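The values are calculated or read from the model by the stated rules, or taken from the named source; none is laboratory data. Since the model is a prediction, treat every value here as computed from it, not as a measurement. Because the Cβ atoms are built from the backbone with ideal geometry, glycine has one as well, and the counts that use them run over all protein chains shown.
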Amino acid sequence: MDYSCVIYISGFNNQKELVVFLMSLTKGILKGETLVVSDFVEIDIDENEEFDDIKEKEFPDGFLFFPFRLDLEFNENVCKQDCIKFTNILLKLFWSKNKSAVSACDYENQLINKGGYKSEEVPFP
């Protein structure tokens with residue numbers, strides 16, 4: 001089963017700052033410049049080619065224009081509940097640091113605040 005997830009992120013000064021934040025959170029190792037690998041997930045940190053500093057502020061769909069996107073690829077042996085748990089932890093941490101984060105995945109409706117989409121409870125640029 002594929003439990004991959006994309007999280008759109010805004011609020012970091014640059015990609016390196018986001019990489020360091022994720023490495024400290026996951027205790028993962030860095031492969032290349034933007035791939036954080038842990039025992040159960042690989043997180044590819046990309047600059048969003050669609051980034052637009054005006055459109056990103058348009059609620060609720062502006063998240064598609066946030067400057068960064070995380071592609072989470074969970075290992076085959078990770079169950080759906082653990083994917084949901086980890087994704088929720090990530091989202092809560094971003095939000096607690098006043099960073100904008102919105103997920104797009106098959107299980108987003110099972111995430112806290114539905115992954116941030118259309119939620120006025122979470123930070124938005």
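Give the residues of the stretch 76-109 that are within 12 Å of the chain's Cα centre (by Cα) and of a type in the set (Val, Ile, Thr), sorted by residue number. Residues satisfying the conditions are THR87, ILE89, VAL102.
Looking across ASP53, ASP39, one residue alone is surrounded by fewer than 14 Cβ atoms within 10 Å (Cβ to Cβ), modelled with pLDDT of 95 or more and among the charged types (D, E, K, R). It is ASP53.
Of the strands (runs of 3 or more DSSP E) entirely within the stretch 5-64, those holding at least 2 residues that are free of Cβ contacts under 8 Å to residues at least 60 places away in the same chain occupy 29-31, 35-37, 41-47. Return the residues of the stretch 73-125 that are out of contact with any Cys (no Cβ under 8 Å at 6 or more places or on another chain), assigned to a strand (DSSP E or B) and buried (at least 19 other Cβ atoms within 10 Å of the Cβ); say none if nothing qualifies. Correct list: SER100, ALA101, VAL102.
When ASN48, ASN98 are screened for being in contact with a strand residue (DSSP E or B) (Cβ under 6 Å, 6 or more places away or on another chain), at pLDDT 95 or above, under 14 Å from ILE9 (Cα atoms) and not hydroxyl-bearing (Ser, Thr, Tyr), only ASN48 passes. Screening THR87 on (1) of a type in the set (S, T, N, Q); (2) at pLDDT below 95; (3) closer than 20 Å to VAL122 by Cβ shows it passes everything except condition (2). Within the stretch 1-33, if we keep just the residues that are surrounded by 19 or more Cβ atoms within 10 Å (Cβ to Cβ) and in contact with a helix residue (DSSP H, G or I) (Cβ under 7 Å, 6 or more places away or on another chain), the residue that is modelled with the lowest pLDDT turns out to be TYR3.
Within the stretch 1-53, the only residue that satisfies the criterion of being of a type in the set (Lys, Arg) and on the phi > 0 side of the Ramachandran plot is LYS27.
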